[in-house]
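A.B. asks: Take this structure, written in structure tokens, and hold onto it; I'll ask about it next.
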Amino acid sequence: MASLSPLRYPTVYALLSGVLLVLSFPRPQLSLLAWVALAPLLVVLMQNRARWRLFLYGYVAGVVFFGGTCYWLYATMRTYGHLSSVASAGVLLLFVLVEAIFFGLFAWITGELARRWQMRALLLAPVAWVAVEYLRTHIPVGGFPWNLLGYAVAPVIGWVQPASYVGVYGLSFLVVAVNMVAALYWLAPTRRNAVPLAVIAVVLFAAWLAGSQLPTLPTPATAVLVQTNLPQQEEFDPQWIQKHPDELEGLEELTRAAARKLESPPALVVWPEMPVSLYFNHDPVIRARMISLAQSLRSHFLTGIVDYKPEADGRYYPRNSAVLLTADGDLIGQYDKIHLVPFGEYLPFGRVKWIEPLVKEVSAFRPGTNYAVMPSGAGRLSVFICYEAIFPALVRRFVEGETGAELLVNISNDGWFDNTAATQHLNMARVRAVETRRYLLRATNTGITAVIDPYGRIIARAPAHRRTVLIASFAPQSTRTWYARLGDWLPLLCALAIVAALGRKFWMDKLEAALSQ
């Protein structure tokens with residue numbers, strides 16, 4: 001066993017952490033591994049090593065993690081980005097190399113603290129991890145908090161419930177804290193250090209069991225979620241609807257047929273974000289058909305659209321939006337997507353020549369500013385669009401205050417991704433439901449269309465890559481969770497704590513150096 005010691009093969013242990021983290025996420029979604037996945041890396045970081053090596057070991061784990069969980073970016077660039085195989089691989093590699101920096105930063109912080117406080121620095125590992133995850137949520141170019149560590153335990157209902165108090169960052173904190181205890185026992189395998197591990201194992205098992213005992217909530221309201229399964233267009237065609245009138249007619253008839261099967265009109269009908277443009281506010285024919293559909297359904301009707309609004313320069317720019325119509329066909333509310341996809345809906349650096357060939361078909365979308373809460377047939381609702389599901393603070397804004405949303409709707413088009421990415425996206429949306437204790441109706445173009453209850457349980461889902469309808473039962477909720485009230489206080493506190501710890505460490509180093517002279 002000595003020959004496999006982390007002292008001799010630290011890079012192997014860093015790689016092991018990366019592989020275990022990959023296995024913790026879809027697919028194969030071995031959530032149990034998340035509780036120990038970081039332990040090998042933490043053991044390595046407790047050794048007194050050069051600073052660049054500390055960063056390197058974390059960076060290696062990060063490269064494995066992002067490469068193993070976000071490989072689907074290659075297919076997206078290859079199929080829809082019009083890039084060659086080499087260029088697509090280059091984009092994926094660049095993404096992985098940039099995102100892995102955050103793992104390197106975590107490793108450097110933890111190892112740097114260990115240089116002074118040895119194994120006691122393990123206590124700050126969860127704090128450092130959460131602080132770095134929060135940083136990753138905001139930079140670069142608007143942040144990319146995809147697959148934060150807390151999402152690894154989202155499929156286990158009993159384990160995800162703390163999110164209603166501390167959000168996904170709190171879940172990450174708990175997961176790293178357990179990894180910390182495992183690393184402590186690895187470094188000092190005494191009976192005393194085994195006791196916390198045994199207690200944690202019992203608690204996790206009890207939480208797993210408790211997840212199956214959560215109450216079933218009454219769901220008096222019904223929604224119809226339409227999975228349109230329209231082909232993903234490689235190039236945007238503003239005349240698509242006119243060229244394919246049968247597609248729109250088919251979706252309208254599918255929606256009406258589903259509503260007719262119900263004893264009473266559904267409270268809400270939802271069409272997703274689609275790879276075609278419904279110019280509701282600019283095309284009188286489309287507008288008339290959408291109004292007619294809402295009236296024939298006798299239900300509130302929500303659908304994704306593309307809108308054009310003027311900017312300060314007098315030009316009109318597109319917005320990725322959603323509109324809500326009443327059963328009478330009146331426009332009652334509109335939401336313009338606030339957090340746009342960089343390099344997909346806008347160019348974060350403007351028209352830079354070396355970037356444009358990589359994003360030839362990028363659109364000059366503009367972000368919205370209003371966190372819209374709209375009255376519906378079953379309480380107040382808010383809708384967030386696709387990529388926005390991965391930003392906890394954004395979704396939280398919809399349920400703030402006494403007049404916040406009582407129902408969340410996520411419309412998305414995951415046709416850009418493969419099944420792995422769609423599953424990851426769904427798991428992140430599930431945590432939003434738990435954080436806010438709201439029903440989440442998720443309508444997508446190709447899947448995964450699903451109904452998620454306030455405990456994060458998927459109570460209904462539609463098969464992917466099929467044009468179909470999902471009948472959703474739900475109930476508006478007005479509970480205000482601790483997370484909805486307090487927001488991201490935990491990662492902010494962690495960031496302050498890490499800055500203070502590093503400041504104290506370097507101050508003590510300088511003081512000792514001055515006294516030794």
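A.B. asks: Stretched out fully, how many nm does the piece from ALA210 to SER473 gain, at 0.36 nm a residue minus the Cα gap? Mind dumping the intermediate values first?
C.D. replies: Values: separation 263, 0.36 × 263 = 94.68 nm, distance 2.36 nm.
Once the chain is fully extended between ALA210 and SER473, it gains 92.3 nm.
A.B. asks: Go through VAL270, LEU248, TYR74 and say which Cα lies farthest out towards the positive end of the charge dipole of the chain; charges sit on Cβ, +1 for Lys and Arg, -1 for Asp and Glu.
C.D. replies: Final value for the positive-end residue is TYR74.
A.B. asks: Calculate how many DSSP beta bridges within the chain are antiparallel, expressed in % of all such bridges and rounded to the nearest 5.
C.D. replies: Details: 31 of 49 bridges.
In the chain, DSSP labels about 65 percent of beta bridges as antiparallel.
A.B. asks: While we're on this one: Please pull out the direction-averaged projected area of region 446-502, using the convex hull of its alpha-carbon atoms, in nm² to one decimal place.
C.D. replies: 6.6
A.B. asks: Follow-up question, since we're still on this one. Zone of TYR71 (label point 7 Å along Cα→Cβ, backbone N under 19 Å): which residues in region 423-449?
C.D. replies: So the set is 423-425.
A.B. asks: Something else about it: Applying 1/(1 + (r/R0)^6) with R0 = 51 Å to the Cβ-Cβ distance of VAL203 and GLU263, what FRET efficiency is obtained, to the nearest 0.05? Walk me through the numbers before you get to the answer.
C.D. replies: Numbers: r = 45 Å, r/R0 = 0.88.
Plugging the Cβ-Cβ distance into 1/(1 + (r/R0)^6) gives 0.70.
A.B. asks: Now a separate question. 222 nm [θ] for the chain, helices only, -39500 (n - 2.57) per DSSP H run of 4+, per residue, to 500?
C.D. replies: Values: 16 runs with 239 residues, N = 517.
Value at 222 nm, helices only, nearest 500: -15000 deg cm²/dmol.
A.B. asks: So what is the diffusion coefficient of region 64-169 in µm² per second by Stokes-Einstein at 10 °C and 1.306 mPa s, using a Kirkwood Rh over Cα pairs?
C.D. replies: Numbers: Rh = 15.8 Å.
This corresponds to a translational diffusion coefficient of 101 µm²/s.
A.B. asks: If you don't mind, there's one more thing I want to ask. What accessible area per residue comes out for the chain, rounded to a whole number of Å², with a 1.4 Å probe? Could the numbers behind the result be given before it?
C.D. replies: Numbers: 21800 Å² over 517 residues.
About 42 Å² of surface per residue is accessible.
A.B. asks: Using mean Cβ contacts within 10 Å as the protection proxy, how do 71-80, 256-265, 269-278 order, highest first? Can you show the working numbers first?
C.D. replies: Values: 71-80: 18.5, 256-265: 12.7, 269-278: 24.8.
Order by mean packing, descending: 269-278, 71-80, 256-265.
A.B. asks: Kindly provide the pair-distance distribution of the chain built from C-alpha pairs, with 20 Å bins from 0 and whole-percent values in order of increasing distance.
C.D. replies: 22, 52, 23, 3, 0
A.B. asks: Per 10 Å bin, what is the whole-percent P(r) computed from every C-alpha pair distance within region 1-130?
C.D. replies: Going from the shortest bin to the longest, the percentages are 14, 38, 30, 14, 4, 0.
A.B. asks: Which length gain, in nm to one decimal place, applies between GLU253 and GLN118 when the Cα-Cα distance is subtracted from 0.36 nm times their residue separation?
C.D. replies: Numbers: separation 135, 0.36 × 135 = 48.60 nm, distance 6.72 nm.
Difference between extended and current length: 41.9 nm.
A.B. asks: A further question follows. Is there a quick way to get the dipole size of region 220-351? I mean about its Cα centre, with the Cβ of Lys and Arg at +1 and of Asp and Glu at -1; what is the value in debye to the nearest 20?
C.D. replies: Working: 12 positive and 18 negative charges, 54 e Å.
Value, rounded to 20: 260 debye.
A.B. asks: At a 1.4 Å probe, what is the % contribution of carbon and sulfur to the accessible area of region 426-467?
C.D. replies: Details: 460 of 960 Å².
C and S fraction of accessible area: 48 percent.
A.B. asks: Right, next: Computed over the Cα atoms, what is the radius of gyration of region 387-517 divided by 2.2 N^0.38 Å, N being its residue count? Before the final figure, lay out each step's value.
C.D. replies: Numbers: Rg = 21.2 Å, N = 131, 2.2 N^0.38 = 14.0 Å.
The reported ratio for this selection is 1.51.
A.B. asks: Then there is this: Where in region 441-459 does the label zone of LEU217 land, with the point 7 angstrom along Cα→C-beta and an amide N cut-off under 20 Å?
C.D. replies: Backbone N within reach: 441-444, 449-459.
A.B. asks: I've got another one for you. With a 1.4 Å probe and all protein chains left in place, how much of the accessible area of region 266-317 comes from carbon and sulfur atoms, in whole percent? Please report the intermediate quantities before stating the final value.
C.D. replies: Numbers: 1080 of 2070 Å².
C and S atoms contribute 52 percent here.
The values are calculated or read from the model by the stated rules, or taken from the named source; none is laboratory data. The model shown is predicted, which means the values in this text are computed figures rather than measured ones. We place every Cβ from the backbone using ideal geometry, glycine too, and count neighbours over all the protein chains shown. Accessible surface areas use protein heavy atoms only, side chains included; no ligands, DNA or RNA. Shrake-Rupley method; radii C 1.70, N 1.55, O 1.52, S 1.80 Å.
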